[in-house]
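Asker: Before I ask anything, let me first share the structure, which is written out below as structure tokens.
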Amino acid sequence: MEPVPLRKLLSSSETAALLEDLAGIIPDVVRLWVVDAKGDLIACYPQENEGVEKEFAPIIEEVRQVAKTIHFPQGIALPIVVEGRLLGILVGEGVGSELSEPSAAFEHLGRILTLLAAKELEKRAIAQETLERHGEINLLYTLGETAGACLDLGEINKLVLQESSRIIKADKGAVMLIDEATGQLVVKASYGWGEGCQEKPLGRAVAEKVARNGKPQIVNEPGREIGPLKSLLCAPLKTKDKVLGVISLADKKSGQIFTAADEKFLTDLAAQAAIAIKSAFLYEVTAQALTQRVEELTATAEIVHELTAASLDLERVIDLMLDRAIQATGADYGIIALHDEEKGGLLLLSQKGYPPGVLESYRYQPWPVERGIVGRVVKTGTAALVPDVSQDPDYTEIVEQARSQLAVPIMREGEVVGVLSLGSSELADFSERDVGFMSHLAGHAAIAIENARLYENVTEKMRETMVLYRVGGKLMRTLNMDQLLEEILEVLERSFGYLGCAVLLVDEAIEELYIKASRGYPQEVVERTRIKIGKEGIIGWVAAHKVPLNVPDVAEDPRYIEGVKGTRSEIAVPMISGEKVIGVLDAQSPKVNAFNEDDLRILSSVAAQATIAIEKAWLFEQVTEGRNKLQAILNSTRDGILMLDTTGQIVMVNPMVERLWNLERAEAIGLNLAQLVEEDSHGFLAQLGYTQKQMRELLQQLREGEQGVSKAVYEIATPDRRAIEHVCAPVLDERGGVIGQVIVLHDITEEKELEKMREDLTRMIVHDLRSPLTGIIGGLHLLGRAIENPSSQVEILLDIATSSSRRMLELVNSLLDISQLEAGQMRLEIETRSLPDLVDAARERVAPLALEDGITLQVDLPSGLSQVAVDEDLVTRMLVNLLDNAIKFSPQGSIVRVEANEVNATSTEESAEVTSQRYLSVSVTDKGTGIPEEYREKIFEKFSQIEEQESCRGRGRGSGLGLTFCKLVVEAHGGHIWVESQAGQGSTFIFTLPVAETESGNGDQ
């Protein structure tokens, strides 16, 4: 719009005609002319005057100067002012080119012209406003469509600034948006500001005020608020509930000021722009979030792929996850630790960015869950985002430059299995997005870690199983003790990496452990180590308590006694057989916490197998030693020995069998006697002293597990005629089961020959000495009667001769009686007799001997004893023999006691047979030296005597026939005789005699 509308007004013919007429009727005015506010001539009246500008140029120049000051000298000109605005000047030229003052008509003309100009100006302003308003509406509509279609926040800011400054015609402008993080206005688009003013434009204080209160503001006067700016207009970029920023325009063109219309337009424009900016901002945020999400998903997919590819290698999985976490978040350093519930803390698996050695101890010594931010994460199971670690009460300083930290739990099935912790040297370097991403990553990592651990465990267990299987096979095949122990140590060292290990065995005699074999132990330690069970060291404790023990730090265990210098951890496992500890398997390490539950399991498995193998080796040594001893005995014995299994197969023979049978051992071993029952072409059964029937019975006993012992005497004709006694007895296992039979073949040829010689001698003595002795005794009797008044010396000599002859005759009669009793040829004269009478008769015969030796004979027989059915002579002689032996071997002044009682059955050490026959049990007890156990049966054999045993008074040994006679007499009556004795405390001979039957059916009288 033109600043002065006079030119158009005066160009109207009606206005020109009016002024033309007025110019002619105004008194004293020769000519009228009109200039604009700048002093330029617009019109002159009357118009026929030509050359007015040139003619009145000096006056016009003066008018221009006047116009510039808007002060007019009275009488020469009138200002045309509408609404305070100078539109032009009405100049009147008077007569003589000078007017003293304007006339009333001239002033009236000025008022008319002013009214006409005001009317024209109003019309012009209305038209212009309508046009401008229409343009603004079109602009707002266009801007709304354009901004709505455009989702680029930067382009929208530029468009808004461009159009607002174009319409309002400002020299400077800026679009400032509020930064949500800081709350400060940030310039997003600008123009017209000098260098350095874009980041911090003038008038910022006004813009911040508008941003706070959400209301537009105009400042049209320079001052403190806008600095050197002439004017400033700010409108808020405001949605319904929020101020997004501010549009700021400064210094309107042509020095104009900002009007209310400008404010309204900019406010409307800002409202429209705010909607577009919000949409663009939401789009930008959404796009950014989607982009970040896509990037996260892409990164996660790549990580998951890499984790899956590495899922069978736990160490690689851990390192890969930590690398990716640091890369994705821009962290400076980080760790991954797994939660070990047994040890009550976190064990470091991987670390990046930390100074060397700072965290290495936590690979073995757990980080307590009560300590630090990572401990809190384990306890709570929730992530920790710490923008400033100095403000967190749980923070524990590891590196000095730490400022912020992010720690997320690694969860598996609701349990915390580990922690991923990242750190930065910048404050607030991690965001919620990082928390989400790392939590998501930790979830995938937990699965990969679990899979890797499972695979590692399965692989390790398979490896252990295979190694233990091979070890077991190798140990079971090894029977040499030293080689066996070396095999055990080699397995522990090569297969399981135990560099310091030892096998200690128990010395049961002194209850100590000694090192039998070792690896990594100094020789002096091996030689001097003796550990008292239950009293010394970890090994002694394990042996006493029979439980394995893992000591992670021996310095903290009071049971530890130093053996190998530099030991920091030790593990010991007992080797148990049944309820007995046979040794300890021990391993030591110079590292703290070097062993774990896997090591305990491995060593326990090896110890179990080693125990079996060691016992097997011991048994083999014992069996080998026993076999060698047995073989030596078998090779040196004069008896032939065969051993059969339960099927009747010969499994062992000794060299004597070869000589007896004239048969090679190789030919005999493996021979089955069951086959010989059907066909015995070589006469083997006869060589063994069996008939086919007897062999069938023996094989039946083997199959049924019977345990009877059989004896037999037979003769063989080849290779030499010999008398053989065989004894067949069962071979029993430790549980008493029959596992075979042993047949002992004893060559009794010489014994038989000696026995025959004794029998011949006995017969000769009996027949050749009995008659002469009878004659001698008779002759001595006659001689004694024939001598009258013999001297005492003669009487003594006769008594000695008679007594000696009678003793010799008794010996001869005993030999005859023994021979007849053994042959069953003696006829017993059974009579019913009283036991006290028999004892008294025997006592009378030995009384002189007892009196001579100072021995008291004490008979303690209860009254009412039943009578016995016996041969009186034989039983009396038997009692005499027993009493004579008791007196002979009793010390002087002692007592020989005879006792008896009635029993219903008889029992001896050889027989436990129970019968209905009643017996009297008679005992003869002395206080002599006693009878050794090995002679208690042998003394009843003919001519058997106890070596180096003399009578108490030096009477020498007897004939060795007395107890044989006693045994044969008792057995001939159906009784039994035996001896009970303790060395140095005397002996008791006990025998039984049958009670005589009476008419009433019992033996009572």
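Derivation of every value follows stated rules applied to the coordinates shown; laboratory data play no part. As the structure is a prediction and not an experimental result, all values here were calculated from the model. When we count neighbours, we look across all protein chains shown, and the Cβ atoms used for this are built from the backbone with ideal geometry, even at glycine.
Asker: Among 791-797, 833-839, 924-930, how do they line up by average Cβ neighbours within 10 Å per residue, starting with the highest? Each step should come with its number before you reach the end.
Answerer: Numbers: 791-797: 10.4, 833-839: 17.6, 924-930: 21.6.
Per-residue Cβ counts within 10 Å, averaged per peptide and sorted highest first, yield 924-930, 833-839, 791-797.
Asker: Filter the cross-link list LYS580/LYS616; LYS461/LYS580; LYS343/LYS516 down to pairs whose alpha-carbon distance in this structure exceeds 23 Å. Numbers along the way, then the final one.
Answerer: Details: LYS580/LYS616 15 Å; LYS461/LYS580 29 Å; LYS343/LYS516 34 Å.
Table pairs above 23 Å Cα-Cα are LYS461/LYS580; LYS343/LYS516.
Asker: Please sort 426-437, 879-890 by packing, taking for each peptide the average over its residues of neighbouring beta carbons within 10 angstrom, highest first.
Answerer: Details: 426-437: 15.5, 879-890: 23.2.
Descending mean neighbour count gives 879-890, 426-437.
Asker: ³J(HN,Hα) across the stretch 445-453 via Karplus (A = 6.51, B = -1.76, C = 1.60, θ = phi - 60°), whole Hz, x for Gly/Pro?
Answerer: Those phi angles translate into 5, 4, 5, 4, 5, 4, 4, 5, 5 Hz.
Asker: Show me, for the stretch 893-902, the HN-Hα J-couplings you get by feeding each phi into the Karplus relation (A = 6.51, B = -1.76, C = 1.60, θ = phi - 60°), rounded to Hz, glycine and proline as x.
Answerer: Those phi angles translate into x, 8, 10, 10, 10, 10, 9, 7, 7, 9 Hz.
Asker: Beta carbons within 10 angstrom, averaged per residue: use that to sort the peptides 271-281, 234-244, highest first.
Answerer: Most protected by this proxy first, the peptides run 271-281, 234-244.
Asker: Taking other Cβ within 10 Å of each residue's Cβ, how do TRP367, TRP541 sort, fewest first?
Answerer: Values: TRP367 24, TRP541 21.
Listed from fewest to most nearby Cβ atoms, that is TRP541, TRP367.
Asker: I've got another one for you. For the stretch 617-662 and the stretch 371-416, what is the separation of their Cα centres, given in Å?
Answerer: 79 Å
Asker: Here's another thing I want to ask about it. Any idea what the relative contact order of the stretch 483-632 is, in percent, if you count C-alpha pairs under 8 Å spaced at least 6 apart?
Answerer: Numbers: 262 pairs, mean separation 29.7, N = 150.
20 percent.
Asker: For the stretch 828-994, what's the relative contact order in percent, using C-alpha pairs closer than 8 Å and at least 6 residues apart?
Answerer: 24 percent
Asker: Kindly state, to the nearest 0.05, the FRET efficiency for ASP598 paired with ASP507, given R0 = 30 Å and r defined as their beta-carbon distance.
Answerer: Values: r = 32 Å, r/R0 = 1.06.
Approximately 0.40, to the nearest 0.05.
Asker: Okay, moving on. Counting only other residues whose beta carbon sits under 13 Å from that of GLY740, what net charge do I get with K and R as +1, D and E as -1? Write down the numbers at each step before the final one.
Answerer: Working: positive: ARG703; negative: ASP645, GLU706, ASP733.
Net charge around GLY740: -2.
Asker: Also: Let me know the charge dipole size of the stretch 828-994 about its Cα centre in debye, to the nearest 20, where only the beta-carbon of Lys, Arg (+1) and Asp, Glu (-1) is charged.
Answerer: Working: 15 positive and 27 negative charges, 69 e Å.
Result for the stretch 828-994 is approximately 340 debye, rounded to the nearest 20.
Asker: Say the cut-off is 24 Å between C-alpha atoms; which of LYS379/LYS591; LYS352/LYS565; LYS209/LYS252; LYS629/LYS938; LYS215/LYS252 go over it? Write out the running numbers ahead of the final one.
Answerer: Numbers: LYS379/LYS591 29 Å; LYS352/LYS565 35 Å; LYS209/LYS252 21 Å; LYS629/LYS938 28 Å; LYS215/LYS252 20 Å.
Result: LYS379/LYS591; LYS352/LYS565; LYS629/LYS938 exceed 24 Å.
Asker: If I model a spin label at GLN365 and SER834 as a point 7 Å from the Cα along the Cα→Cβ vector, what separation in nanometres do I get?
Answerer: Output for this residue pair reads 10.4 nm.
Asker: Based on Cβ point charges of +1 for Lys and Arg and -1 for Asp and Glu, what charge dipole magnitude is obtained for the stretch 479-623 about its Cα centre, in debye rounded to the nearest 20?
Answerer: So the magnitude is around 140 debye.
Asker: What does the charge add up to near GLU426, with Lys and Arg as +1, Asp and Glu as -1, over the other residues with Cβ less than 10 Å from its Cβ?
Answerer: Values: positive: ARG403; negative: ASP332, ASP429.
Charge balance in the 10 Å sphere: -1.
Asker: Now a separate question. Report the net charge of residues surrounding THR624, where surrounding means a beta-carbon distance below 15 angstrom and charges are Lys +1, Arg +1, Asp -1, Glu -1. Please report the intermediate quantities before stating the final value.
Answerer: Numbers: positive: LYS616, ARG627, LYS629; negative: ASP482, GLU615, GLU621, GLU625.
For residues surrounding THR624, the net value is -1.
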